[in-house]
Structure formats: structure tokens, C-alpha cells
Amino acid sequence: MHKQQPDALLLNSKIEEWMRWDRNEKTRGEVHTLVTEGNVAELERRFMSRIEFGTAGLRGRMAAGISMMNDVVVIQTSQGLSNYLLACQPEVKERGVVVGFDGRHNSKKWAHFLAAAMIRKGIPVYLFTNVAPTPFVAFGVKHLKAVCGVVITASHNPKQDNGYKVYWDNGAQIVSPHDKKISQSILESLEMDDASWDISGVLTHSLRKDPTAEVEAAYFDELSKYVQYKQQNSSCDLKMVYTAMHGVGWNAVQSCLLTFGFPPCIPVKEQMLPDPEFPTVTFPNPEEGKSAMNLAIKTADENNLSFIMANDPDADRLCIAEKNDSSGEWKIFNGNEMAALLGWWCWHCHQFKGSYKPADSCYMVASTVSSKILLSMAELEGFNFAETLTGFKWIANKTIDLENARKTVLFGFEEAIGFMVGSLTYDKDGVSALGVLYELAAYLNRQGKQLHQQLETIYEKYGHHLNNNSYFICHDKEKIKHIFTRIRTMSGAPDTYPEELGGVKVKYVRDLTTGYDNEQPDNKAILPVSSSSQMITFTFVNKAIVTLRTSGTEPKIKYYSEIRGTGSKLSKEELSSSLNALVEAVINELLEPKKNQLLPKSE
């Protein structure tokens, strides 16, 4: 008789365990089909490793198996989270948890599974009845003084994905060690019974409240403090086209426009309401450029309008586009360009406020892979600039630390079109940023100026900051590991990074995966180090910076680059040519896309 190998026995036991737990006929059917077909490779991918719970919570493809997003994983995660809250938050049964969801497949059901898990433990739940922008959940935690918040969303990911994003009691995303402790609690809370699947009484339970009306009223009341020119806004000549990208932003944006006094906008009707199929876009992410913005541009052209604003599906990101009055060409602004505009505007508005605070008590914050335009502004204007790791959890928690030290944070951003104006929410917020940026555009319009012209004015004052950012797709984790290991051992020994790329000498290397940083006297990085993600930054003698990193939520190797023209005699064109040549060298010499079969970003 043939004896089964240990791995086969383990796989079979995990499948049997899953079938004992799962009550969803669709996902049970998926597993049954894979078993019948003898698809061992796919079964191993689904069952031999668990989807990782990190500081971003969970995000992955919706399918059967413990490595995917599905009913079983969401229930187990919620059981683990509720047990962790009971263990470390003494007031959890008084203060409760805020729960929201977007318009993706399964989001509402999973929010109800989450709420049910909390209620079974006696934890009150502020569960939104309908879809809600992610910023409303973050704001709701702060406003309602809850101990935690969760939103079921995969933000701008493809339609096959969903996620589980967690906020702590300060209103910011969780940071370590909470992620590791929650992950451990999940592993200790895997068992499920009939009660785990019962969501029939969630909406009417005495421990459940709908926070929608209170949170929205408080949010827009707080947002009104950021309005500068409400009377002038009411007669704004700059009409705007808006797209929600098949997401949840439409109702919130209408309220935002009312708060600022703007007239109604023209919606992209095909993308106005939530649709989990995202039928008009391949990737529902306005950051992708024209491929995602085609319908908005078409709507604007049909209405003879020159300004577009777009949210991603959960409305925490913002993108804008403007038609040049002279050339008639559309420009889609990237995150760094929008940050230059918003940073300048936030400083401009702050100086004219009645409660003006001195520059040395004010801060702007950005992630390390974002443009250093705010640093250049800070150096000239006298306010402070703080740099954080990539991810808004770091920007938000840094903001909270600064506010606890009685400092004022005017603005924070990351280049992936995420913006935090003031501290209305301790996360990126595409709704408030939309109102503030629209007011800036209207202000310029009254002066006969467009945003691209103001951007040039900013660069003329603070120096050109040119960027070349993109990504490659790679689904092979071992291949990614090999690429970065090779970069770290170019001479065969550890910490022997390339000394020159594209003919330009490398001045400093900072590796936040290993903790190496030769700009520091002891070669040890100051920013936090994480061995679970890849991130290497090269600083060159020509003032260029290039960072290579992996994404925490998508199968991507991303590259970010910038060259600062501050103090340089080179023209904008010369700076751009120098940067592009350097980036091409970094890609070809370090990533080797052809050899490693990396898929470039598709325009």
C-alpha cells in the first residue's frame, strides 16, 4: 500500500478542516472541484500558508482557502480581533468598535460577520447601514472615541480582491506590535460553530448602532473649518467633472461641495454609483492615468469643461486632471505634483488665518518615497518637515505624536495620491482633499490662472522636483527575493551594493529591510526596519534619489525617483534627461526585467 508523504497528509487534514468549517456552498464547491481534478499545486497554494495579517490588515483575492479572502477567513479574523480587544482594551465593552464597508462583492456580508463576532463577545458595534467612504470610518473612530475601527475594502485593487483594514483607538491604522499580536490571536481563535455564521440579528441587536448620521454631520462640520472662500465659491466659474470610479464617493462628495459652497458638479454617470464589477475600467485606480480616466475626460469634453476630480473606489485617494487652456491637452497630475499644490496652499492659507501659529511650531509630513518638495518649502519658509516610512499609518501616527507635543501639522501626503489636509482624519482622505484642492483651483481661476501654471510658479520658487515613478508586476515571491538579494551582494559579500549606476556614482545606500544605512556614522538606519518587506534607497552624487520597494498589498516591484533642482544650474529639460537615463540604468542593471520576466505597468 502506498504511504502518503507528510506534506500530503498535512494538506489533506487542512482541506478536511476547511470543509468542516465552511458553510458557503460556492467556496466549498471550489475546493471540491480542485480535489476532484487532483490540482495539488493549487490546493497547496490555497491551504499550506495562511493569508498574512499585517499593519494593512488583510488584502487578497476572493476565493476558497486560508490564503484567500472568504467567509471563513473573515470570521476567524474577527474572532481573533475581538479576543485581542478584550485582552488589551479594558474599555472595549463601553467604547465599542466602528465597522464600515465598500461596494465590492462580499463587503457588506463580511462587515456583518465582523459585527456579529463582536456582539457575541458583548462588544458594542457602530455598524454603518450602507456603504461608507473609508475616511468616515477613520474619522468615526476618533469622533465616537471607539477602541477600534474596521473597514471591509480593497481600496483600488482589481475586482477580484477584497480586504480588512484595521484602525486603532487613536484613529490611525495599526502599527507593530498590534499586527503580530492580532495575528497570533487569530490563530488561537480558528474554531467555528453555528453561532459564528449567524448574522440574522445583527442590524436589530441592542449592541448595534448605525453611526452614519452622527459621523457624517460631525465630519462635515469639522471640514467646514478648512473652508477659506465660501462666498466666492458659490459663484465659481470653474465647473468640475467628478468620477467615483464605481465606488462609494458620490454622496460624500456632494456633501463636501455643499460644505465649501460650490455649485453641483457633473458626474461621470457610468461610474457614479458602486458597482463591484467595475465594468468600465481594468484597474479602478485613478493613479493608473488615462486608462482609468478616459470616461471622465470624455464627459468633460462633451460638457466643454476643463477640470476633473476623481476618487478611488473607497474614496481615500484623489486624482485631478486639467485641460490646458492654450494647447487643449489634458494633464493628469501625479501625487507629487498635487502635493506641491496642496502643500503650497495649506501654507498660504495658514498664514492668513486668525489663529496663525509661528512657522517653527508647524509641520508637514511625507513618506520617504514621496517628493521632497515639502522639505524644500520648509527650508525656505521656516516650518518643519518630517519624513516617515512608506504607508499612511506612519504619516498618521507621526502626526499624532507631533500634536501630542503641541505642534501643528498642516499637511501630510504619500506619492500614491494619498493626502491628509490638517488632521481631520488620521489617514489619507480623498473627500476632504477634494474640497480643499477644488477651492485652490477656484482661487487660481479667479486670477485667470490654471493649476499647471501655479505648479510651475511653485517650482520656480522652491526648485524643480522631477519624478519618474512606476512599477513592474511579479507574482513570484522567490524571484523578488532573488532580485533584492543580488542587489545587496553585488561583490559577493553582504552589504556590497552597487557603487555606480548609469555612470553616476552612488553616494549613500539605505536598506530598510536589513537596517543598513551608510549615511549614518554607525551604518545603522534611523527609520524603522522591516525584514518582511523589501526597500532599498540609493542617493546619487547628482542629487537624484531612487528607491526600489515591494508593495504590501499588490504583486508589484515599485520604483520611485526624484531629482531636486534646488540650487542647480541645469534646466528642467536637462534635469529630466539626467533622471530618466539614471532610472533606465537602475531598471536594466538591477531589476533586469527581461531576464526576470517582469511585466511593466500597462498604459
(request) Rounded to the nearest Å, what's the spacing between the alpha carbon centres of the range 505-572 and the range 181-209? Just the number, please. (result) 42
(message) Could you compute how much accessible surface His105 exposes when probed at 1.4 Å, giving the result in Å² to the nearest 10?
(response) 80
(request) About the Cα centre of the chain, how large is the charge dipole given +1 on each Lys and Arg Cβ and -1 on each Asp and Glu Cβ? Please answer in debye to the nearest 20. (result) 480
(message) How high is the relative contact order of the range 402-511? Use alpha-carbon pairs under 8 Å, at least six apart in sequence, and give a whole percent.
(response) 8
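What is the Cα convex hull volume of the chain when expressed per residue in Å³? Could the numbers behind the result be given before it?
Details: hull volume 104.9 nm³, N = 603.
So the per-residue hull volume is 174 Å³.
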(message) If a paramagnetic tag sat 7 Å from the Cα of Ser13 along the Cα-Cβ line, which residues of the range 20-51 would have the backbone N under 17 Å from that point?
(response) 20-21, 44, 47-50
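Where does each of 35-44, 431-440 land if you order them by average Cβ count within 10 Å, highest first? Don't skip to the end; give the middle numbers.
Details: 35-44: 12.6, 431-440: 25.2.
Highest to lowest by the protection proxy: 431-440, 35-44.
If one computes P(r) from the Cα atoms of the range 422-469, what percent of pairs lie at distances over 11 Å? Show your work: numbers first, answer last.
Numbers: 827 of 1128 pairs.
Of the Cα pairs, 73 percent sit more than 11 Å apart.
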(message) Show me, bin by bin at 10 Å from 0, the whole-percent P(r) of the range 303-458 based on Cα pairs.
(response) 11, 42, 35, 11, 1
(request) Run down the lysines and flag those whose C-alpha is under 16 Å from the C-alpha of Lys290, throwing out any fewer than 8 positions away in its chain. (result) Lys298, Lys323, Lys331, Lys601
(message) Could you report the range 445-533's accessible area per residue, 1.4 Å probe, as an integer in Å²?
(response) 56
(request) Please work out the Kirkwood hydrodynamic radius for the range 283-385, using every pair of different C-alpha atoms, and report it in angstroms with one decimal place. (result) 15.7
(request) Work out the charge dipole of the range 284-404 with +1 on the Cβ of Lys and Arg and -1 on the Cβ of Asp and Glu about the Cα centre, then indicate which of Ile400, Asn285, Gly335 is farthest towards its positive end. (result) Ile400
(request) Output the pairs from Lys428/Lys461; Lys180/Lys477; Lys121/Lys209 with a Cα-Cα distance over 25 Å in this structure; if there are none, say none. (result) Lys428/Lys461
(request) From largest accessible area down, sort Thr280, Thr368, Thr204; use a 1.4 Å probe on the protein chains. (result) Thr204, Thr280, Thr368
(message) Restricting to DSSP loop positions (anything but H, G, I, E, B) with no more than 13 other Cβ atoms inside 10 Å of their own Cβ, which GluC sites (Glu not before Pro) remain in the range 311-395?
(response) Glu329
(request) Report, ordered by chain and residue number, the aspartates and glutamates lying within cross-link reach of Lys181, taken as a straight Cα distance under 13 Å and ignoring same-chain residues fewer than 8 apart. (result) Glu52
(message) At 1.4 Å probe radius, can you tell me the per residue accessible area of the range 234-322 in Å²?
(response) 35
(request) Output the relative contact order of the range 147-229, whole-number percent, from Cα pairs under 8 angstrom with separation of 6+ residues. (result) 17
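Quick one: what do you get for the range 36-89 if you divide its Cα Rg by 2.2 N^0.38 Å?
Working: Rg = 13.4 Å, N = 54, 2.2 N^0.38 = 10.0 Å.
Taking N as the residue count of the range 36-89, the ratio is 1.34.
Just in the range 400-432: which trypsin sites (Lys or Arg not before Pro) are loop by DSSP and have at most 13 other Cβ atoms within 10 Å? Show your work: numbers first, answer last.
Working: sites: Arg406, Lys407, Lys428; in loops: Arg406, Lys407, Lys428.
For trypsin sites (Lys or Arg not before Pro) across the range 400-432 that sit outside H, G, I, E and B with at most 13 neighbouring Cβ atoms in 10 Å, the list reads Arg406.
With a 1.4 Å probe and all protein chains in place, put Ser235, Ser423 in order of accessible area, largest first. Working shown, then result.
Values: Ser235 80, Ser423 25 Å².
Heavy-atom accessible area, descending, gives Ser235, Ser423.
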(request) Using only the Cα atoms of the range 1-148, each taken as one equal point scatterer with no solvent, compute I(q) by the Debye sum, divide by I(0), and report log10 of the ratio at q = 0.09, 0.15 Å⁻¹. (result) -0.35, -0.83
(message) Once you place label points 7 Å from the Cα toward the Cβ at Arg446 and Lys239, how far apart are they in nm?
(response) 2.1
(message) Over the chain, what is the relative contact order in percent, taking alpha-carbon pairs closer than 8 angstrom and at least six residues apart?
(response) 10
(request) Using the heavy atoms of the protein chains and a 1.4 angstrom probe, tell me the accessible area per residue for the range 340-436 in square angstrom. (result) 29
(message) How large a share of the accessible area of the chain, in percent, is made up of carbon and sulfur atoms when the probe is 1.4 Å and the other protein chains stay in place?
(response) 49
(message) Just to confirm the filter: which trypsin sites (Lys or Arg not before Pro) across the range 308-386 are DSSP coil and have at most 14 other Cβ within 10 angstrom of their Cβ?
(response) Lys353
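The values are calculated or read from the model by the stated rules, or taken from the named source; none is laboratory data. This is a predicted model, so every value here is computed, not measured. Virtual Cβ from ideal backbone geometry, glycine too; neighbours counted across all protein chains shown. When the accessible area is computed, the model is the full protein with side chains, heavy atoms only, and any ligands, DNA or RNA have been set aside. Shrake-Rupley method; radii C 1.70, N 1.55, O 1.52, S 1.80 Å.
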